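Student: Let me give you the structure first, and then I'll get to my questions.
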Amino acid sequence: MLHSSDIVAPDKRTPGVAKIDPVIFPVLDKLYARRIQRLSTQADALGENGEYFRFLVHLVQAQQQYIAQNPLGPDEAATVRTLLDQKRDHAHLQASLLNIPYWQAAYTALVGQVAPILPSSVGDKLAALSADKEQLAHTATHLLHLDYSQVDAGVSVVLWAALSTCWAQAVSLGQTQDLPPSTTQSAHCPCCNAPPVASLVLGGAREGLRYLQCSLCEARWHRTCCLCGL
């Protein structure tokens, strides 16, 4: 386990906490910094076999740089949050995505950062999608509907990272702890309805508490059991 991790060792006894926050909203600059450190450590440990982790380091650095230089505005954040509150079919979601330029610009910026370290065929594929806004929104719609088999694996990593920069800021700007308990115990993120990427037992002030980590908006939500109801 990495020293920077906030996950408690399975054999460590915990004293409990006075208050349980239903949702932990992301502080993105700190989150990205910790992620870069962990990925860099893993890449160094693997040596010449750590190329994929080094690619991920570049990708997260590009996310960090993009949001620092281009923070999401309140109007676009509100538009994204409205989108999260609605169940939309493919056509409606794609049309909505076309009207949110932030994530499209984020994708173009991320491609510009990572393409130089990728094989030229992969970089060309990423750049071609950036130039076709209709196809880009179509592809993003498949990802948000979890139709992963419909999206090229190499494209999905960068495109999901671009969507995440937008969704994470939108959720953070509109954060509220006033979520129904039944919602926060959901198997999917109560903020954006994306699936979790991990189940974590935290340390520090929340030592011993289990949270699920959102794969899209970076929020964490408290869930006493990560298996029941999944």
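Student: Per the Cauchy relation, a quarter of the hull surface: what is the mean projected area of the convex hull of the alpha carbons in the range 35-102, in nm²?
Tutor: Here the figure is 6.4 nm², rounded to one decimal.
Student: Provide Rg and Dmax in Å for the range 28-173, with only Cα atoms included in the calculation.
Tutor: According to the Cα coordinates of the range 28-173, Rg and Dmax are 15.4, 46 Å.
Student: Which cross-chain or sequence-distant (5 or more) residues have an amide H under 5 Å from the amide H of Cys189, H modelled 1.01 Å from N in plane?
Tutor: Residues meeting the criterion, in which the H sits 1.01 Å from N, are Ala194.
Student: Counting only the backbone N, which residues of the range 71-98 are under 17 Å from the spot 7 Å out from the Cα of Asp147 toward its beta-carbon?
Tutor: From the range 71-98, the list is 87-98.
Student: Tell me the net charge near Trp221. Cut-off is 11 Å between Cβ atoms, Trp221 excluded, with +1 for each Lys or Arg and -1 for each Asp or Glu. The partial results should precede the final answer.
Tutor: Working: positive: Arg210, Arg220, Arg223; negative: Asp21.
Once positives and negatives cancel, what remains is +2.
Student: Now for a different question. Given a Förster radius of 22 Å and the C-beta distance between Gln65 and Asn193 as r, what FRET efficiency does 1/(1 + (r/R0)^6) yield to the nearest 0.05?
Tutor: 0.20
Quick note: the coordinates plus some simple rules give every number you see, no bench work behind them. Because the structure is predicted, anything quoted here is derived from the model rather than measured. Glycine also receives a Cβ, built like all others from the backbone with ideal geometry; neighbour counts cover every protein chain displayed.
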